[in-house]
Structures are given as C-alpha cells and as structure tokens.
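Each value in this text was obtained by applying a stated rule to the coordinates, not by laboratory testing. Treat the numbers as computed from the prediction; the structure is a model and nothing was measured. Don't worry about glycine lacking a Cβ; one is built from the backbone with ideal geometry, like all the others, and counts go over all protein chains shown.
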Amino acid sequence: MFVASMVGHKYGVLRWSKTGKKTTEGTPAGITSVPAACLVLVPLLASTGYILTQHWLPVLIAMTTSGLLEAYTTQLDNAFIPLVFYSLLCL
C-alpha cells in the first residue's frame, strides 16, 4: 500500500474520517496498485505450479476488499489485512 500513501500524501484532499490520515484519493490508488502487481505475479505463479487455479474473481474480490479495509482501519492494518486477504482467497 506504498502507492496509496504516496498518492494520498501528495494529492489527498478528502479524508475518510476527521481524525484519520487516510484519504479518499489514496484508496483507489492502493486498490489499483495491488491488482497491477497481482496481474503479473498470479499468472507467473500459476505457470510454475505454485497456484493451482486461475480463477480471477476471488482474487479481485480479495484485493478490493483488502483495499477498502485498509482505508477504514487505523491500527494493526499491516498485521490484520494480509490475514483477511488470505482468508478471502481460501473461500
């Protein structure tokens, strides 16, 4: 979510909450940067056999949900969000 913090810091105007630092401009940047990385890595891992499926819908749902959760959480997001992401992929 490095991209989200950079975009939010440079271009962010609207905050998700009055007390938080996260902006509505940074959230879409974070949500779109993760799929870009996954669109490269998932086919690569699938071709090597580390991923046994190429169903993209669960991956997109997990990425979008994790990005939105990142926007709404204020603490422990680096420990909590990967667990949510992995649980969504296991459904």
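Data table
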{"read-out": "Phi to ³J(HN,Hα) by Karplus 6.51 cos²θ - 1.76 cosθ + 1.60 over segment 79-87, Hz, x for Gly, Pro", "value": "8, 8, 5, x, 5, 5, 4, 5, 4"}
{"read-out": "Length added when fully stretched, Leu89-Met6, from 0.36 nm per residue minus Cα-Cα", "value": "27.2 nm"}
{"read-out": "Cα→Cβ-extended label distance, 7 Å offset, between Leu45 and Arg15, nm", "value": "3.5 nm"}
